[in-house]
1. Could you check the range 122-136 and list, in sequence order, the residues that are open to solvent by 40 Å² or more (accessible area, probe 1.4 Å) and out of contact with any helix residue (DSSP H, G or I) (no Cβ under 7 Å at 6 or more places or on another chain)?
2. Residues in the range 65-76: is at least one at positive phi, in contact with a strand residue (DSSP E or B) (Cβ under 7 Å, 6 or more places away or on another chain) and not aliphatic (A, V, I, L, M)?
3. Quick one: is Gly119 touching a residue at least 40 places away in the same chain (Cβ under 8 Å) and either farther than 29 Å from Asp32 by Cβ or open to solvent by less than 30 Å² (accessible area, probe 1.4 Å) (or both)?
4. Quick one: count up the residues across the range 139-184 that are touching a residue at least 60 places away in the same chain (Cβ under 8 Å), farther than 30 Å from His77 by Cβ and open to solvent by less than 80 Å² (accessible area, probe 1.4 Å).
5. I'm told Ser36 meets every condition in (1) of a type in the set (Ser, Thr, Tyr); (2) open to solvent by 100 Å² or more (accessible area, probe 1.4 Å); (3) modelled with pLDDT of 55 or more except one. Can you identify the failing condition by its number?
6. Would you please list the contacts, defined by Cβ atoms under 7 Å and residues six or more apart or on different chains, that run from a residue in the range 66-84 that is small (Gly, Ala, Ser) to a residue that is surrounded by fewer than 14 Cβ atoms within 10 Å (Cβ to Cβ)?
7. Of everything in the range 100-116 that's open to solvent by less than 90 Å² (accessible area, probe 1.4 Å) and hydrophobic (A, V, I, L, M, F, W, C), which residue is nearest to Leu83 (Cα to Cα)?
8. Just name the residue that is nearest to Lys95 (Cα to Cα) out of those in the range 113-153 that are touching a Phe, Trp or Tyr at 6+ places or on another chain (Cβ under 8 Å) and of a type in the set (S, T, N, Q).
Amino acid sequence: MSTQNPPHASGPPSPRQERVPKRANPLCRTSDRFESWFRRFLMLVLVLGLPAAALGAGLTAYEASMRSVQAQSVERHEVTARLTSTVKGVTAEGKQRAAVRWTDDSGAVRTGTTLMGLGTPEGTSVRVWVDRDGGITGPPMSELAARTNGWFVAGMAAVGVVAGVYAASAGVRHVLDHRRYAQWDSEWDLVEPLWSARFRR
């Protein structure tokens, strides 16, 4: 009667696949592990904090600017004024302040000054912006300016987050390196006499 061998009897048994537990690197210092952990933390701050800070700051600035747009649009309006004298003189910008006169909604005559091109003759009609008190002012802020302000503040917030993360990383690295150098000096003071004694034999 022939004996039947198990399936693996025809060859050498396959080696077992055993998991080798991960061990801490003996050359890895506590400061190295802390620095690695801190870098991961800063990366998380950068990934989550940058868009949150940029979006929050940008929306806040945009909403504040839009409130200014709405308020200025209500408080300011354009009127037609007339130049009371010919604009004379020479300036680098090509414009000079000139006196103008207009009549407000109540019928009162008002005067003020605005920038006009040189050589503009007396009596020329010009559109000027005035506030509730009847004083000449600039035009109200536009929605484009509000959006631009929002994007600018968002960009500055993003730059601030990046700069803060970089400064934190550099600061921690500087402190850890200072401690490492001090530790190396202390250890070398212990080892160096032993090494020197070997060469004096």
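The values are calculated or read from the model by the stated rules, or taken from the named source; none is laboratory data. Since the model is a prediction, treat every value here as computed from it, not as a measurement. Counting neighbours? That spans all protein chains shown, and the Cβs are built from the backbone with ideal geometry, glycine included. Surface accessibility is based on the protein's heavy atoms, side chains included, excluding ligands, DNA and RNA. Shrake-Rupley method; radii C 1.70, N 1.55, O 1.52, S 1.80 Å.
1. We begin by selecting, within the range 122-136, every residue open to solvent by 40 Å² or more (accessible area, probe 1.4 Å); these are 122, 124-125, 127, 129, 131-133, 136.
Across the range 122-136, the qualifying residues are Glu122, Thr124, Ser125, Arg127, Trp129, Asp133, Ile136.
2. No, there is no match, as no residue in the range 65-76 is at positive phi, in contact with a strand residue (DSSP E or B) (Cβ under 7 Å, 6 or more places away or on another chain) and not aliphatic (A, V, I, L, M).
3. Numbers: touching a residue at least 40 places away in the same chain (Cβ under 8 Å): no; either farther than 29 Å from Asp32 by Cβ or open to solvent by less than 30 Å² (accessible area, probe 1.4 Å) (or both): yes.
So Gly119 does not fit the description; no.
4. Step one: of the range 139-184, the residues touching a residue at least 60 places away in the same chain (Cβ under 8 Å) are 139-143, 145-147, 149-158, 160-162, 165, 168-169, 172-173, 176, 179-180.
From what is left, the residues that are farther than 30 Å from His77 by Cβ are 154-158, 160-162, 165, 168-169, 172-173, 176, 179-180.
Still in the list and also open to solvent by less than 80 Å² (accessible area, probe 1.4 Å): 154-155, 157-158, 160-162, 165, 168-169, 172, 176, 180.
Result for the range 139-184: 13.
5. Of everything listed in (1) of a type in the set (Ser, Thr, Tyr); (2) open to solvent by 100 Å² or more (accessible area, probe 1.4 Å); (3) modelled with pLDDT of 55 or more, Ser36 misses just condition (2).
6. Correct list of pairs: Ala81/Arg101.
7. Just the residues of the range 100-116 that are open to solvent by less than 90 Å² (accessible area, probe 1.4 Å), to begin with: 100, 102-104, 107-108, 110, 112-114, 116.
Filter once more, so that each one left must be hydrophobic (A, V, I, L, M, F, W, C): 100, 102, 108, 116.
Numbers: Val100: 4, Trp102: 9, Ala108: 17, Met116: 9 Å.
So, considering only residues that are open to solvent by less than 90 Å² (accessible area, probe 1.4 Å) and hydrophobic (A, V, I, L, M, F, W, C), the one nearest to Leu83 (Cα to Cα) is Val100.
8. Thr137
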